[in-house]
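Worksheet: the structure to be examined is printed underneath.
The values are calculated or read from the model by the stated rules, or taken from the named source; none is laboratory data. Keep in mind that what you see is a predicted model, and the values were worked out from it rather than measured. Cβ placement follows ideal geometry from the backbone for every residue including glycine, while neighbour counts extend to all protein chains displayed. With ligands, DNA and RNA removed, areas are computed over all heavy atoms of the protein, side chains included. Shrake-Rupley method; radii C 1.70, N 1.55, O 1.52, S 1.80 Å.
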Amino acid sequence: MKAYKETLSFLNTLNLKGIAGRLDEMIHDAEIRRLSYITFLNTLLSTEVSYRVKRRVERNMTGAHFPIIKRMSDFEFGRLKGIGKSEAVNLLDCAWIDNKENLLFFGPPGIGKTHLAIAFGVAAVEKGYTVCFEKIANLIKLLKTAEIQKKSEYRIRKIMKSSVVVIDEIGYTPIEKREANLFFNLVSEMYEKLSIIITSNKSFDSWAEMMGDSIMTTALLDRLLHHARIFNLDGESYRIKNQKKEV
């Protein structure tokens, strides 16, 4: 018993929480199966690695600030034009992140652009990438207050260090010229350093009017489109469809 308590103390000192949490179970299993020392050691170490990977994914999922968890398996591809199920599933390997490619989703409200963006973001976190999700309105607020609020500055730094940034709902709220400049500068900083997922209800042709500066908008789109997969989506609004069912 003394040796057992000593072992737990060592594990806690070394911060090996994964092993400590399952030590009884693994010792019992090793005794029954008469495992060799090296096999038992590998079992201990693999348990710790699995624990740390799980904890890292949980932290990154929380840090992403997803408004809700959405997965590709829950998406209804049959009601949507512009992206097929096989195409979406192929993107779940996240090779586009390694290549610093962007995913841009355009289309009317209610068809699932945000669902797709979140689903790709969640898949990325589960594969070990860091992701930050922000609606454009809150992102603009963060950019405007980064110099005076530490919380905003910290979030912007976290965004810049992430593997993927999801920017949701571009076009739903007006953007002032100063705000557009801040957004352009952010995208310029992220260009070819990380992947960006964007959802927008505005076509490219409407972005200049939305941003209030055609030259800057051209430069912005040039950076977003350089390494991008573009999905022009169309279909019946999911929310309207559900309302019809209820009626």
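Might you tell me the accessible area per residue for segment 49-180, computed with a 1.4 Å probe and given in Å²? Spell out each step's value before the answer.
Working: 6800 Å² over 132 residues.
Value for segment 49-180: 51 Å² per residue.
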Open item on the list: Mean-square fluctuation check for the chain, GNM, Cα pairs under 10 Å: which of 214, 86, 200 is largest?
Closed with: 86
Open item on the list: At q = 0.21 Å⁻¹, what log₁₀ I(q)/I(0) does segment 98-173 have when each alpha carbon counts as one equal point scatterer in the Debye sum?
Closed with: -1.01
TODO: Roll a 1.4 angstrom probe over the protein heavy atoms and tell me the percent of accessible area of the chain that is carbon or sulfur.
DONE: 53
Open item on the list: Can you tell me which of 81, 17, 144 moves the most in a GNM of the chain? Springs connect C-alpha atoms under 10 Å apart.
Closed with: 17
TODO: Only helical DSSP H runs with n ≥ 4 go in: add -39500 (n - 2.57) per run for the chain, normalise by residue count and round the 222 nm mean residue ellipticity to 500 deg cm²/dmol.
DONE: -18500 deg cm²/dmol
Task: Charge dipole of segment 12-59 about the Cα centre (unit charges at C-beta), most positive-ward option of 44, 28, 14 - done: 14
Task: Candidate aspartates and glutamates for bridging to residue 141, where Cα separation is under 15 Å - those fewer than 8 sequence places away on the same chain excluded - done: 153, 168, 169, 176, 179
Task: DSSP beta bridge pairing in the chain, given as percent antiparallel to the nearest 5 - done: 10
- [ ] Please state the charge dipole magnitude for the chain, taken about the Cα centre, from unit charges on C-beta atoms (+1 on K and R, -1 on D and E), reported in debye and rounded to the nearest 20.
- [x] 680
